[in-house]
């Protein structure tokens, strides 16, 4: 009983309420009147997922046929009947060399997903072997004061996911460090507000690409002497600058619209500025600050792909771009795999923020 | 010299054509140790008056003197109990009081402050709820926390802005007694703003009606010569109580009626008759 209660609490807390419904089903605790709720919460999403995959499959098939017909027609017009027949036979046989290049079907995407995982396993094994092989040598090199030898092979898909997460969290952290304190100051002081207002209004709508170029100009000069790869630095700073605006605006708004009653209390108790900010202003604007941070994290994750692509910083963005440039017959499927991975991670990041918000916020019902 | 003095206070809100004069020509003197109640209708400018006295707002003209000094801004000498409790919902009961005493007695050690908090929370009988948040408390309990917070700062004067306005009759009665009990211990000067005449008579030494705004001003004062401690049930049979009560209510009703008759405008209806449609189309 108590265990179920905790699971209930945790899943509600993280906004994953369907988990507890599922558990109730398996433990036979589901009441009759709950079946409608169960249907709505669990069966309907599953049905819609299958519907989605079905439509996708049929759409992909239709596109495949259009592309194949076009190819055969082209061969017929340019090279004659024999070439067209050969191509037709080739396509029908499933040979990779002549497959039409279009939207991949769900099955192809699933295969690509498995091949990417397999690839990761191979690379991990390779890495481990490399580490083992160089362990003794590296120890000696470190003892001699030389740099150890590091693995320089290509990163696997999973490595790139982690690299992307690292970039996004570094960028998010930067946005947090800039936007929250600045937002508090702007919210507290009308003078600062009018000083910064034009700045916010003008820079807020600037596109991630332009931010990237701006950061590139500055960081390139600042790190002119450094031989290190600056792509990570550039991409995380760009991500931070792109995504911080939601937090900045929300924090400033939250801080400047604290309930007048609380401000009166602060005045009557004669709280000092420090106490006023930490005991009254911040707790009361916390829900809005978190709404801003949630938007910031999702924007950061969204622009990350574009920025990694431009900065040539290894990660999901670069992966997508390289696959697109690569043009191998399973490239499109790999791009779709990356798309789903990006979407799912984005969703999990949002839940993570909700979890943190519920933990620190005073009013649990305020979470949006 | 009076303890608290209001001289020719005017307070207007807005500018230009939108100006509305809320308080007009307010004069009030309160002596040390006195318990004064101001009674008025809702919307008559009571809260504005309170905020002027506690220093949250400044008068448009006139001056507020506290112990001969002009009031500029809030002070720990004047504790305020707000109508809507105004507790900080993210702090527990203890923390709410702690924030106040920490500001009021910056020199005391943490342990002394915590003892002080415990003492005042015990005084309002909330010790079992010290670690609860305001959300978990009933309205009466919240207002008791508010009382504890105001008193813990050891103010020389307590200003209460309809402190019991939102409570049910039973809780209200209990809290009235509690506040009177606490007040009678060291007889701080107290100002109670209320819309309940009975409450005013039960608690105060002097009742002053506030004529309703706009341009609210204070009416003639009524002295309550009933010995303390007063008993609620006996009070109902007390002739003095009945007379004072009737006099105040009559006075307030009269102002109300006066206003109503002032407001009543005679509208002259235009002399119109329906058009003769039938003949028009002949």
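Read-outs: derived from the displayed coordinates by stated rules, not from any lab. Predicted model, so just to flag it, every value in this text is computed and none were measured. Please note: Cβ atoms are built from the backbone with ideal geometry, for glycine as well, and neighbour counts cover all protein chains shown.
In percent, what relative contact order does chain A have, based on Cα pairs under 8 Å that are 6 or more apart in sequence?
It rounds to 19 percent for chain A.
Just order B:103-111, A:177-185, A:308-316 by mean Cβ neighbour count inside 10 Å, highest at the front, would you?
Taking the mean over residues of other Cβ atoms within 10 Å, the ranking is A:308-316, A:177-185, B:103-111.
Using DSSP, restrict attention to beta bridges with both residues in the protein assembly as shown and report what percent are antiparallel, rounded to the nearest 5.
45
Need the full-extension length gain, residue A:302 to residue A:220, defined as separation in residues times 0.36 nm minus the C-alpha distance. One decimal, nm.
That works out to 27.1 nm of additional length.
Can you give me the C-alpha center-to-center distance between the stretch B:1-59 and the stretch B:134-165, rounded to a whole angstrom?
21
May I ask you to derive the relative contact order of the stretch B:71-208, considering only C-alpha pairs under 8 Å and at least 6 residues apart, and to give it as an integer percent?
Dividing the mean separation by the residue count of the stretch B:71-208 yields 32 percent.
Per residue and in Å³, how big is the convex hull formed by the alpha-carbon atoms of the protein assembly as shown?
Dividing the Cα hull volume of the protein assembly as shown by its residue count gives 399 Å³.
Return the average number of partner chain Cβ atoms within 10 angstrom of each residue Cβ along peptide A:273-282.
2
At q = 0.12, 0.13, 0.16 Å⁻¹, what base-10 log of I(q)/I(0) does the Debye formula yield for the stretch A:155-366 when every alpha carbon is treated as an equal point scatterer in vacuo?
Reported log10 I(q)/I(0), two decimals: -0.70, -0.79, -1.06.
Assuming R0 = 35 Å, can you tell me the calculated FRET efficiency for the pair residue A:340 and residue A:203, based on Cβ-Cβ distance, to the nearest 0.05?
After rounding to 0.05, the efficiency reads 0.60.
Between residue A:325 and residue A:74, what is the label-to-label distance in nm when each label sits 7 Å out along the Cα-to-Cβ direction?
2.3
Arranged from highest to lowest average of other beta-carbon atoms within 10 Å per residue, in what order do the peptides A:228-238, B:142-152 appear?
Put in order of decreasing packing, that is B:142-152, A:228-238.
Can you compute the helix-only [θ] at 222 nm over chain B? Use -39500 (n - 2.57) per DSSP H run of at least 4 residues, normalise by all residues, nearest 500 deg cm²/dmol.
-11500 deg cm²/dmol
In chain B, what % of DSSP beta bridges are antiparallel (nearest 5)?
Counting only bridges with both partners in chain B, antiparallel ones make up about 45 percent.
Could you list the residues of the stretch B:117-160 with an amide nitrogen less than 18 Å from a label point located 7 Å from the Cα of residue B:109 in the Cα-to-C-beta direction?
B:117-119
Taking every alpha carbon pair in the stretch B:13-128, what does the distance histogram look like in 5 angstrom bins from 0, in percent?
Spelled out bin by bin, the stretch B:13-128 gives 2, 8, 15, 18, 16, 14, 13, 8, 4, 2, 1, 0 percent.
So, R0 is 30 Å and r is the distance between the beta-carbons of residue B:187 and residue B:122; what FRET efficiency does that work out to, to 0.05?
After rounding, the FRET efficiency stands at 0.90.
Can you pull the mean other chain C-beta count within 10 Å for peptide B:90-103?
Mean partner-chain Cβ count within 10 Å for B:90-103: 3.
Shielding by partners for A:257-268, please: the mean number of other protein chain Cβ atoms within 10 Å of each residue's Cβ.
6
Can you give the calculated 222 nm mean residue ellipticity of chain A, where each DSSP H run of n ≥ 4 adds -39,500 (n - 2.57) and the sum is split over every residue, rounded to the nearest 500 deg cm²/dmol?
Helix contribution divided over all residues of chain A: -26000 deg cm²/dmol.
Regarding chain A, what's the average projected area of the Cα-atom convex hull, expressed in nm²?
If I average the Cα hull's projected area over directions, I get 30.5 nm².
Let's test the formula: R0 of 35 Å, r as the Cβ-Cβ distance of residue B:58 and residue B:233. What FRET efficiency results, to the nearest 0.05?
That pair, residue B:58 with residue B:233, gives E of 0.20.
Calculate, in nm to one decimal, what residue A:228 and residue A:360 gain on full extension: separation in residues at 0.36 nm each, minus their alpha carbon distance.
43.7 nm
Order the peptides A:105-114, A:278-287 from the highest to the lowest mean number of other Cβ atoms within 10 Å of their residues.
A:278-287, A:105-114
How big is the stretch B:154-222 by the Kirkwood estimate over distinct Cα pairs, in Å?
Taking the inverse mean of 1/r over all distinct Cα pairs, the stretch B:154-222 comes out at 13.1 Å.
Quickly work out the residue A:259-to-residue A:189 label distance, labels modelled 7 Å from Cα along the C-beta direction, and quote it in nm with one decimal.
Placing both labels 7 Å beyond Cα along the Cβ direction yields 2.8 nm.
How high is the relative contact order of the stretch A:155-366? Use alpha-carbon pairs under 8 Å, at least six apart in sequence, and give a whole percent.
Here the relative contact order equals 28 percent.
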